[in-house]
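A short worksheet on the structure shown next.
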Number of protein chains: 2
Amino acid sequence: MENKKITLSYGSGGKLMHQLIKNLFLKKFGNVISEKLDDSAVLPPIPNNFRIVFTTDSYVVKPIFFPGGDIGKLSICGTINDLSVMGAKPRYISVSAIIEEGLEIEKLEKIINSIAETSKRAGVQIVCGDTKVVEKGAADEIFLTTSGVGILDNKLNISGRNAKPGNIVILSGTIADHGIAILNARQELELKGKLLSDVAPLNNLVEKMLNAGKINTMRDPTRGGLATTLNEIAEQSDVGIEIIEERIPINKSTKTVCNLLGLDPIYIANEGKLLAIVEEKHAEKILSTIKKHPLGKNAEIIGKIISKPKAVFLKTRIGGTRILQMLESDQLPRIC
Amino acid sequence: MENKKITLSYGSGGKLMHQLIKNLFLKKFGNVISEKLDDSAVLPPIPNNFRIVFTTDSYVVKPIFFPGGDIGKLSICGTINDLSVMGAKPRYISVSAIIEEGLEIEKLEKIINSIAETSKRAGVQIVCGDTKVVEKGAADEIFLTTSGVGILDNKLNISGRNAKPGNIVILSGTIADHGIAILNARQELELKGKLLSDVAPLNNLVEKMLNAGKINTMRDPTRGGLATTLNEIAEQSDVGIEIIEERIPINKSTKTVCNLLGLDPIYIANEGKLLAIVEEKHAEKILSTIKKHPLGKNAEIIGKIISKPKAVFLKTRIGGTRILQMLESDQLPRIC
């Protein structure tokens, strides 16, 4: 690269942009599909008995580098996880960047490296992308939008609509780690203890779970946290959900920060956890499969589906019952 | 909507965001796929003998409303056109918005309406999306990222790599209208004459062209304009391209503004035009097909492919030959 910072010319469609694409993006993401440099990527044939699953998300997390990850890793994991919780195998990802003029090219390189590493490790290919540059002050360093294409076995039918009374609710690990790690990084709370984002790709874990038993619904509880995701499922499936507070796994240091700041961890974002709502007879087998996976060591059965009323109930430690509403306002902006 | 402006809470994952999705996005985009409200959209089966084509682009155009269109229409047309120039039929689109706190909800509604109308008219479905809100000053009103999935007949092979010596270069209409319309809107030049963006979905035109003869390469000359796109093709196909200046269609008012401001229209962005590089024996039939289409009335044969040297040559009006380089610097930022 000739420059140390991104200028508007990197987004103009001209020579500098082509240089950026060739020397950075293609070098890191390079594969037979992206290297064709056409306006769109032609994907290999879809296997028989599979459908296509399609998703998109934008990432505006602040700061762009945080303990446990960065905006690049977050964007790839987010898209992988949105496909995975449908039961799909993530295959192809597009990455589009909106960059603020003046961003250090070194930072961009770090992000691109992180995208390349994360996607390689998760077995997905970056097949197309775009770069726009806006003037200083018109964006905040870098925003990413990733879209993903996955393939879904025709035999599977996993949806927020499929939770049924009697089903068991499994959570794959501790809650609130991502949101609290971001908050700590942003506010320089300098709190002791390990406050790492849990950002991770869940596709490998999901593949193993699908072999272990019948799963009706899966979700990754990101923005709005566990409570909001449970509310979405109750709404979509027209059921009630009963959750037992003391069963919900939480890291000690995350809990300490939540207590200190008066935040309810059940509303704080996660980026490497999933909820699975499964047939009761398969629950133990699915749970033990999750627990054997590095990303599921702290998994627990946290509750069950009831027929009505359509709401989420939390059985508290002291024996009471609290109705968990959807997140009302904005606890933590730009968490993802 | 309860509020008149977008607040950070609209992006938090909580109640206001769900309200926005239900009352605005789903109402306007609603279809059986998007209404499932799952993390990803499961697409209908892909017909036999078709492959999947995948593309993405971000849009940061300023101003967000301009003569002839707005950021919503632009984002849908851009994605449709990127798929169409591969010979693919655009089918499914994702829309992800990054919104600056304080954006008037009325403006958002106008943009959403424009997205809904454009996609309906072009026969594509909006199947998934995302919304993030950043604090005032961290973005500029609204940025959109659209990704698209199209289906491509196995028999077709259209690529920037396929231009061959002897092939004919057809341009579907006048150049530089989009870039100049944006510039006029932004700088309030208040120039007389019709300065409208040419933003339009080209999928219907392309379908008709594919039935008229053999097309080797298609491209929509957006950022960097005609000259940059021709350079990309010369590079990818390892050929030379000879273009005749007086054959290049241009609107009188666009030309006047370019002359006044000292801008070279051959480097200015288009959003509803395409270049087709076709077998010589089919050129006249393809040209007449384009000319019959409302979006191709001003189409012309503007040049031909030569074997070498690998460069783009412009035969000027006064009989000289000029080498057209790729765009060097940033003529007009945030044009798309």
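Derivation of every value follows stated rules applied to the coordinates shown; laboratory data play no part. Everything numeric in this text was worked out from a predicted model, so none of it was measured. All Cβ positions, even for glycine, are placed from backbone atoms using ideal geometry, and neighbour counts span all protein chains on display.
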Exercise. Residue by residue, what Karplus-based ³J(HN,Hα) values in Hz, rounded to whole numbers, does the stretch B:267-280 have, using 6.51, -1.76 and 1.60 with θ = phi - 60° and x for Gly and Pro?
Worked result: 10, 9, 5, 10, 10, x, 10, 9, 9, 10, 10, 10, 4, 4
Exercise. What nm distances, shortest first, do you get from the label point of B:Lys136 to those in the other copies when the point sits 7 angstrom along Cα to Cβ?
Worked result: 2.3
For this session: Sort B:Phe313, A:Phe54, B:Phe65, B:Phe29 so the one with the fewest other Cβ atoms within 10 Å of its own Cβ comes first.
Result: B:Phe65, B:Phe313, B:Phe29, A:Phe54
For this session: In nm to one decimal, list the spacings between the A:Arg247 label point and its equivalents in the other copies, with label points set 7 Å along Cα to Cβ, shortest first.
Result: 7.3
Exercise. Sorted from shortest, what are the nm distances separating the label point of B:Asn23 from equivalent points in the other copies, each placed 7 Å from Cα along Cα to C-beta?
Worked result: 5.0
Exercise. Could you give me the ³J(HN,Hα) list for the stretch A:303-313, computed from phi with Karplus coefficients 6.51, -1.76, 1.60 and θ = phi - 60°, whole Hz, x at Gly and Pro?
Worked result: x, 8, 8, 10, 6, 6, x, 6, 6, 10, 10
Problem set entry | Gain on full stretching of the segment that runs from A:Asn259 to A:Ser288 - 0.36 nm per residue minus C-alpha separation | 7.4 nm
Exercise. Which whole-Hz ³J(HN,Hα) couplings does the stretch A:46-61 yield from phi under the Karplus relation 6.51 cos²θ - 1.76 cosθ + 1.60, θ = phi - 60°, glycine and proline marked x?
Worked result: 7, x, 4, 6, 10, 9, 8, 10, 9, 8, 8, 7, 9, 10, 10, 4
Exercise. How would you classify the protein assembly as shown from its alpha-carbon gyration tensor, with a ≥ b ≥ c the square roots of the eigenvalues: rounded for a/c under 1.5, else prolate if a/b is greater than b/c, otherwise oblate?
Worked result: prolate
Exercise. Which trypsin sites (Lys or Arg not before Pro) does the stretch B:1-105 hold that lie in a coil by DSSP with at most 14 other beta carbons within 10 Å?
Worked result: B:Lys4
Exercise. What average number of partner chain Cβ atoms lie no more than 10 Å from the Cβ of the residues making up A:212-221?
Worked result: 1
Exercise. If the viscosity is 0.692 mPa s and the temperature 37 °C, what Stokes-Einstein diffusion coefficient in µm²/s follows for chain B when Rh is the Kirkwood radius over Cα pairs?
Worked result: 158 µm²/s
Exercise. For chain B, what is the calculated [θ] at 222 nm in deg cm²/dmol (nearest 500), taking -39500 (n - 2.57) for each run of four or more DSSP H residues and dividing by its residue count?
Worked result: -8500 deg cm²/dmol
Seminar exercise, completed: Quick note on B:Ser9, B:Ser84, A:Ser253, ordering by fewest other C-beta atoms within 10 Å, gives A:Ser253, B:Ser9, B:Ser84
Seminar exercise, completed: Helix B:105-122: inclination vs chain B longest Cα principal axis, degrees, rounded to 10, gives 50 degrees
Seminar exercise, completed: So the FRET efficiency between B:Ile318 and B:Arg121, C-beta based with R0 = 41 Å and rounded to 0.05, is 0.40
For this session: Taking H placed 1.01 Å from N in the peptide plane, check which residues at least 5 places from A:Lys5 or on another chain put their amide H under 5 Å from its amide H.
Result: A:Ile105
Exercise. Could you give the angle, 0 to 90 degrees to the nearest 10, between helix B:252-261's Cα long axis and the longest principal axis of the Cα atoms of chain B?
Worked result: 90 degrees
Exercise. Taking other Cβ within 10 Å of each residue's Cβ, how do A:Phe66, A:Phe25 sort, fewest first?
Worked result: A:Phe25, A:Phe66
